[in-house]
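Asker: Structure incoming, see below.
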There are 4 protein chains.
Amino acid sequence: MGGRLRFLTAGESHGEALTAVIDGLPAGLALTEADINGDLARRQRGYGRGGRMKIEQDQVHISAGVRWGLTLGSPLTLTIRNRDWENWQQTMSVGAPPAGAAPKAVTRPRPGHADLAGAMKYGHRDIRNVLERSSARETTARVAVAGVAKRLLGEFGITILSHVSEIGGVRIGVLEVPWEEVRRRAEASEVRCADRAAEAAMIEAIDRAKAAGDTLGGVFEVVALGCPVGLGSYVQWDRKLDGQLARAFCSIHAIKGAEIGLGFRAGSRAG
Amino acid sequence: MGGRLRFLTAGESHGEALTAVIDGLPAGLALTEADINGDLARRQRGYGRGGRMKIEQDQVHISAGVRWGLTLGSPLTLTIRNRDWENWQQTMSVGAPPAGAAPKAVTRPRPGHADLAGAMKYGHRDIRNVLERSSARETTARVAVAGVAKRLLGEFGITILSHVSEIGGVRIGVLEVPWEEVRRRAEASEVRCADRAAEAAMIEAIDRAKAAGDTLGGVFEVVALGCPVGLGSYVQWDRKLDGQLARAFCSIHAIKGAEIGLGFRAGSRAG
Amino acid sequence: MGGRLRFLTAGESHGEALTAVIDGLPAGLALTEADINGDLARRQRGYGRGGRMKIEQDQVHISAGVRWGLTLGSPLTLTIRNRDWENWQQTMSVGAPPAGAAPKAVTRPRPGHADLAGAMKYGHRDIRNVLERSSARETTARVAVAGVAKRLLGEFGITILSHVSEIGGVRIGVLEVPWEEVRRRAEASEVRCADRAAEAAMIEAIDRAKAAGDTLGGVFEVVALGCPVGLGSYVQWDRKLDGQLARAFCSIHAIKGAEIGLGFRAGSRAG
Amino acid sequence: MGGRLRFLTAGESHGEALTAVIDGLPAGLALTEADINGDLARRQRGYGRGGRMKIEQDQVHISAGVRWGLTLGSPLTLTIRNRDWENWQQTMSVGAPPAGAAPKAVTRPRPGHADLAGAMKYGHRDIRNVLERSSARETTARVAVAGVAKRLLGEFGITILSHVSEIGGVRIGVLEVPWEEVRRRAEASEVRCADRAAEAAMIEAIDRAKAAGDTLGGVFEVVALGCPVGLGSYVQWDRKLDGQLARAFCSIHAIKGAEIGLGFRAGSRAG
């Protein structure tokens, strides 16, 4: 038996490493670093992310909680080293600041980021002290944690898939294929889109935005298949599944909304 | 000094009473039942809710945590009696089931409710055992808790307002008035809409839907004014303000989505 | 299925009522107010507590979470009214302070109580605002919560018993009887002592102390029978059963220590 | 501003490393690995622990949450490598079990340890899967966490000291010296005892026990100096400081009791 799953992540974007400790897993779950590395690699893909697959790839290292390929019931330590660390050792040194010319401080807060609020909250004059942790790089640790969670869910026949339904105003059409086909197509698509026609238009929209020095927003859908009835509970506000899911999504960087089922379309449907 | 605010609610829809216990308030906060009753009354308003203001109104009773009009620092007990309780004493008796003809069980689960999942999760054969707690009546207790929270926020100059921006496909236009005027208009509107033209169209849409035996969804906006910089934190996933807000909203009955700022429109904006 | 059991209590010693809300119980557990009242009555017994069984007895009232004698899976509300409340309505009024001569403030902090620290922490000038909540009267609500927990444990064949092993330096001898006999004797004893000889000496010691205007400390032992192997866990510091038990005990008023098994005697055993 | 301090530890006794992640620290706290290493070294001392100071000493490595000697407000990662790891890489491999002759399983549960309960709870046949985490080696990570906490407390003028008051039935006499002198003496003593006469008798007792193939229990006292009034709170059971302290102590391996102030002596005092 495990307990209630909980985890903490740590790590700066250009620091030595990202770390996650996960408590509450059951014993006897088959788990390898490869189970997690697949998701880490997927996280690094995406059209327009530098024009080509990055040469470097994140790799998780498990240093606790697993023995001979099986979880022990004890907490897991997951570490993902920042491969660029050797170039940042001075700038991001844990110890004394580098002698001589110190790396320049970041002093101009970017709009739409945690820069200003973070600097005010924590009293930082060098915004690097904020952005190193507020960076979306942190999600790397959460993707690793999620890889472990997916292994556990897999034992119960529960699988998770996701696909992009909208980018820059381009929406997919109705997908009249099984979910497994949606997954397959999304995995094969540079923009994780399961609708070929929309995919082409999305790529065009990205190219246009890029040429104009802009970026685009989008929408993705996450589907959990094989869930048992009765997850979460209606009996207390903080046990409701919808709320817990919305929290998880809206804690991801740059995500500005979460819907369950029909979502906001329920509000727009004419009577 | 108070602690971390936390609360639990209890109570069935047709049971004796709804109760909330709130822990973590500071001492010395001026608080009366009237501070809370205003919000409870507002909760019971709404166009189409039976055609007229309900004669009965919810009233909170404070039985702990306040003395001589000031909080003590100790936990609050808030109780809202169900005024219909005397007609339900047998059906909802805590003690032995009523002798003779027992009230009929509810056996047909309603779609879109917790009925089926709840009955399966908790092993209930009488769906009344689910719907009595899964009912939106529970939000009465949370509105009372929120009334206390708003009193506390008020000490810091923080105020909360809300208004309806869409019902059944009818959207408001751009509101070029101060937020206090939005609040004033929303409070005066039967559908809590701050745009007169849209308000009329919303009421028509509701009337049409009602005549057709249907209901409509909608969208509302909540605005917090006077917040200090730096609430929440970017340093750990579960301390992010966006996630905490989304969780709070999506834990409300029938709410199927939450957006922060631009929300989903950010995904639809053409490049 | 239930969730993780959690509860909050509220209520002042001379306020209207003590309240507890319990979340996380499973559905279908047989539970009556009588199940709880037995423990409440036992809490009010004790040699030297006014010389005779108090005429008034605490009675719990369940107003949520139970229907027709079975838990619903939803939260329980337990209320124990303070029977003396009508004499304290002015002194402990939730609303405006009483007109005319206000009840006198308590201004002399008692040593060994929360009076001084509480008044400083919460900024109270009238120590009544502290002692009303710091009073051991609060344990009444916890005894009620524990009554519910014992009903749940009973379904798994787990029973809890306790007996007094020392009062004012008088210790019991070795009890070479079955635990059920210890329980029976303790229940029958005015000082909850299962050793007849020690019981007499304890009563004498209490009488002597009382005559001298003093009180005595003591030690009691709590025994859980029928526990399954593997409660708690060694994998994370805050899941260790010993720590959780010690916390529960040391959160009770006037309890200054907790031991598991041999306890401090392990430190005194000569090599 | 920081948040509520919380931490998780991970790591097996002969695994690669022990790790702790700490969340909730404020920014701007001066912190070096040396601040923590002092406590780690002290943890490894103790009379009879092999007859001489161990050559190897635990060293913490900070890989997140600190920059240029100051905390960032973001979570800390503390890692203490197990120096013996290279000899245990096969036995404790995270990946596939070693080819050829697998290291022998541990199948005889030791009394007084988590071996049996842990194996039953988690379904382990090789007790090594239990003892690697239930080992007191885990406290190394907690000592590191405590080192950080002590740095934070130091900013408020709060200091913590401890000394041994009893070993194997040998008790110290009354210490009529200032606490700082108690600390100084305890630090200088092989058995952390501030009473010279008792110290000699304790060492004799240990030697005797050792010669007889036995071990001894003991008692230590922890003192916090400079605490502000009002830590913890009487308003809710789980916020009481006594309970939280007792939990922390009784979560340490082999600790079987915790007392506050007079403790159990209050029960033994004759009237």
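The values are calculated or read from the model by the stated rules, or taken from the named source; none is laboratory data. Here the structure is a predicted model, which is why all the values come from computation and not from measurement. Neighbour counts are summed over all protein chains in view; Cβ atoms, including those assigned to glycine, are modelled from backbone coordinates with ideal geometry. Side chains included, ligands, DNA and RNA excluded: accessible areas come from the protein's heavy atoms. Shrake-Rupley method; radii C 1.70, N 1.55, O 1.52, S 1.80 Å.
Asker: Touching a Ser or Thr at 6+ places or on another chain (Cβ under 9 Å) and within 23 Å of D:Lys240 (Cβ to Cβ): which single residue out of C:Arg110, C:Arg125, C:Arg43 fits that description?
Answerer: Selected residue: C:Arg43, the only one of C:Arg110, C:Arg125, C:Arg43 that is touching a Ser or Thr at 6+ places or on another chain (Cβ under 9 Å) and within 23 Å of D:Lys240 (Cβ to Cβ).
Asker: Hey, can you tell me all the residues within the range C:128-147 that are free of Cβ contacts under 8 Å to residues at least 60 places away in the same chain and either out of contact with any helix residue (DSSP H, G or I) (no Cβ under 9 Å at 6 or more places or on another chain) or more than 21 Å from D:Trp237 (Cβ to Cβ) (or both)?
Answerer: C:Arg128, the sole residue that qualifies.
Asker: Filter the range D:6-28 down to the residues that are open to solvent by 10 Å² or more (accessible area, probe 1.4 Å) and in contact with a helix residue (DSSP H, G or I) (Cβ under 6 Å, 6 or more places away or on another chain) and list them by number.
Answerer: D:Phe7, D:Ser13, D:His14, D:Glu16, D:Ala27
Asker: Residues in the range C:97-121 that are free of Cβ contacts under 8 Å to residues at least 12 places away in the same chain and either among the β-branched types (Val, Ile, Thr) or on the phi > 0 side of the Ramachandran plot (or both): how many?
Answerer: 2
Asker: Ok, one more. I'd like to check something: does the range D:44-64 contain any residue that is within 14 Å of chain A (Cβ to nearest Cβ), closer than 30 Å to A:Asp115 by Cα, in a helix (DSSP H, G or I) and at pLDDT 95 or above?
Answerer: So far as the range D:44-64 goes, no, none of its residues is within 14 Å of chain A (Cβ to nearest Cβ), closer than 30 Å to A:Asp115 by Cα, in a helix (DSSP H, G or I) and at pLDDT 95 or above.
Asker: Let me ask something else. Restricting attention to the range A:228-250, does a residue exist that is assigned to a loop (DSSP other than H, G, I, E, B), hydrophobic (A, V, I, L, M, F, W, C) and in contact (Cβ under 8 Å) with a residue 24 or more places away in the chain?
Answerer: Taking every residue of the range A:228-250 in turn, none turns out to be assigned to a loop (DSSP other than H, G, I, E, B), hydrophobic (A, V, I, L, M, F, W, C) and in contact (Cβ under 8 Å) with a residue 24 or more places away in the chain.
Asker: Is it true that B:Val148 is outside any loop (DSSP other than H, G, I, E, B), surrounded by 20 or more Cβ atoms within 10 Å (Cβ to Cβ), of a type in the set (A, V, I, L, M, F, W, C) and more than 11 Å from chain A (Cβ to nearest Cβ)?
Answerer: yes
Asker: Something else now. Which of the residues that make up the range A:202-223 are open to solvent by 50 Å² or more (accessible area, probe 1.4 Å) and outside any loop (DSSP other than H, G, I, E, B)?
Answerer: Of everything in the range A:202-223, those that are open to solvent by 50 Å² or more (accessible area, probe 1.4 Å) and outside any loop (DSSP other than H, G, I, E, B) turn out to be A:Glu204, A:Asp207, A:Arg208, A:Lys210, A:Ala211, A:Phe220, A:Glu221, A:Val222.
Asker: For residues in the range A:151-178 being over 20 Å from the mean Cα position of the chain (by Cα) and under 28 Å from A:Gly24 (Cβ atoms), which is least open to solvent (accessible area, probe 1.4 Å)?
Answerer: By that ranking, first place goes to A:Gly157.
Asker: Quick check, is B:Val219 more than 28 Å from B:Asp115 (Cβ to Cβ) and touching a strand residue (DSSP E or B) at 6+ places or on another chain (Cβ under 8 Å)?
Answerer: Spelling it out, it is not the case that B:Val219 is more than 28 Å from B:Asp115 (Cβ to Cβ) and touching a strand residue (DSSP E or B) at 6+ places or on another chain (Cβ under 8 Å).
Asker: Of the residues that sit in the range A:233-253 and are crowded, with 18+ Cβ neighbours inside 10 Å and of a type in the set (A, V, I, L, M, F, W, C), which one is farthest from B:Glu221 (Cα to Cα)?
Answerer: Applying the filter and picking the extreme gives A:Val235.
Asker: Restricting attention to the range D:68-83, which residues are within 7 Å of another protein chain (Cβ to nearest Cβ) and open to solvent by 10 Å² or more (accessible area, probe 1.4 Å)?
Answerer: D:Trp68, D:Gly69
Asker: Can you spot a residue in the range A:179-199 that is open to solvent by 50 Å² or more (accessible area, probe 1.4 Å), more than 7 Å from chain B (Cβ to nearest Cβ) and small (Gly, Ala, Ser)?
Answerer: Scanning the range A:179-199 turns up at least one residue that is open to solvent by 50 Å² or more (accessible area, probe 1.4 Å), more than 7 Å from chain B (Cβ to nearest Cβ) and small (Gly, Ala, Ser).
Asker: Just to be sure, is A:Gly112 within 21 Å of the chain's Cα centre (by Cα) and farther than 18 Å from B:Arg239 by Cβ?
Answerer: It is true that A:Gly112 is within 21 Å of the chain's Cα centre (by Cα) and farther than 18 Å from B:Arg239 by Cβ.
Asker: On to the next question. Restricted to the range A:254-264, and to residues that are open to solvent by 40 Å² or more (accessible area, probe 1.4 Å) and not aliphatic (A, V, I, L, M), which residue is farthest from B:Lys210 (Cα to Cα)?
Answerer: Of everything passing the filter in the range A:254-264, A:Lys256 is farthest from B:Lys210 (Cα to Cα).
Asker: A further question on this structure: Restricting to the range C:250-271, give me the number of residues that are within 17 Å of D:Asp238 (Cα to Cα), out of contact with any Phe, Trp or Tyr (no Cβ under 6 Å at 6 or more places or on another chain), of a type outside the set (Gly, Ala, Ser) and more than 7 Å from every other protein chain (Cβ to nearest Cβ).
Answerer: 2
Asker: Of the conditions (1) more than 20 Å from A:Gln244 (Cβ to Cβ); (2) modelled with pLDDT under 95; (3) open to solvent by 50 Å² or more (accessible area, probe 1.4 Å), B:Gly267 satisfies every one except a single condition; which number is it?
Answerer: (3)
Asker: Is it fair to say B:Thr139 is more than 19 Å from C:Pro26 (Cα to Cα) and buried (at least 20 other Cβ atoms within 10 Å of the Cβ)?
Answerer: no
Asker: Here is a further query. Does C:Glu176 meet the test of being among the charged types (D, E, K, R) and either assigned to a loop (DSSP other than H, G, I, E, B) or closer than 29 Å to D:Lys240 by Cα (or both)?
Answerer: yes
Asker: Another question, then. Does any residue of the range A:73-93 turn out to be hydrophobic (A, V, I, L, M, F, W, C), under 28 Å from A:Gly213 (Cβ atoms) and part of a loop (DSSP other than H, G, I, E, B)?
Answerer: no
Asker: Next up: State all residues of the range C:84-120 that are open to solvent by less than 60 Å² (accessible area, probe 1.4 Å) and out of contact with any Lys or Arg (no Cβ under 9 Å at 6 or more places or on another chain); if no residue qualifies, say none.
Answerer: C:Trp85, C:Trp88, C:Gly95, C:Pro98, C:Ala102, C:Pro109, C:Ala117
Asker: Checking A:Ala211 against (1) over 30 Å from B:Ala211 (Cβ atoms); (2) among the hydrophobic types (A, V, I, L, M, F, W, C); (3) within 7 Å of chain B (Cβ to nearest Cβ); (4) without any contact (Cβ under 8 Å) to a residue 24 or more places away in the chain, which single condition isn't satisfied?
Answerer: Status for A:Ala211: all satisfied but (3).
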